[in-house]
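Accompanying notes for the structure given below.
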Amino acid sequence: HADPIAEAVRWSICEGELIQAMGRGRGVNRTADTALEIDLMTDVVLPVTVDALVPWSDLKPTRRDLMALSGIVLDNAADMAACFPDLWPTAAAARQDRSRSVTNCYYRDLYNSQMSHSSAEVTWRPAGPGHRARTARVDLARIPDPEAWLTNRLGPLASFELKPCDSAAPVAIDPSDLDRLDALASRLTASMQAVLATRRGALDALAARLEAVAIRSASTLMTTEEIQA
């Protein structure tokens, strides 16, 4: 704000409160073994040094993420469009999006239905000739009656079967899965390091400019007070 008093009030409400929120973690009381990690999800530029700057486009949930958030993950493109028309207006759009997701492999590598104790796999076949069986993963905590959920959106079902995941049963880990996850983690780390390397100079320059502006603002305010006195 052009007025220094109004700007001071605005800054205390916006940037100041965000900085105060960062202090809630009491980072000064932490040690190397209990380091504090703070995620700043904001478009407000703060006078702090960050370890990584990640654009929203890298974190924005995909349409498949939003589908999973509702409590179900469908595999059939036509069903995806019928159940989530706000995400996929047509089956072709869902099919194309699914193809891109499979190519990326992040969703498949990180998704594990047995991570949730309320997960289940359902198999059903729509009523009528020519329909094949379809499968989906469901979070029963969000969709307690998946048969009714599917019927309300897809119409009558010729068959339906639900198989809850046995959370008590030991899960055998395939070494190849671990290798894929390690490779994925390495790619993500390399990508983050590349982002950090390209943005570090810009962040340092921005921090220097903000510090210079703060010094000039303080000097101007002191001069104004001296003149008024």
Return the sequence-ordered ³J(HN,Hα) values of segment 37-44 in whole Hz as given by the Karplus equation 6.51 cos²θ - 1.76 cosθ + 1.60 applied to θ = phi - 60°, using x for Gly and Pro. 10, 10, 9, 9, 9, 7, 9, 8
Per-selection Rg to Rh, segment 1-76 - Cα, Kirkwood hydrodynamic radius: 1.14
Using the count of nearby Cβ atoms within 10 Å as a rough guide to exposure, how do Val213, Val138, Val28, Val48 rank from fewest to most? Val28, Val213, Val48, Val138
Under-5 Å amide H pairs with Val54, H placed in peptide plane, nonlocal only: none
List Asp79, Asp97, Asp65 from most exposed to least, where exposure is judged by having the fewest other Cβ atoms within 10 Å. Asp65, Asp97, Asp79
Which loop trypsin sites (Lys or Arg not before Pro) in segment 1-36, with loop taken from DSSP, have no more than 16 other Cβ atoms within 10 angstrom of their Cβ? Arg24, Arg26, Arg30
What FRET efficiency would be calculated for the residue pair Glu147, Lys60, taking the C-beta separation as r and a Förster radius of 35 Å, to the nearest 0.05? 0.60
To the nearest 0.05, what FRET efficiency results for Thr135 and Leu36 with a Förster distance of 35 Å applied to their C-beta separation? 0.25
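Only the coordinates and a few stated rules stand behind these numbers; no lab work does. As the structure is a computational prediction, the values presented were derived from the model and not from experiment. Neighbour counts run over all protein chains shown; Cβ positions are idealised from the backbone, glycine included.
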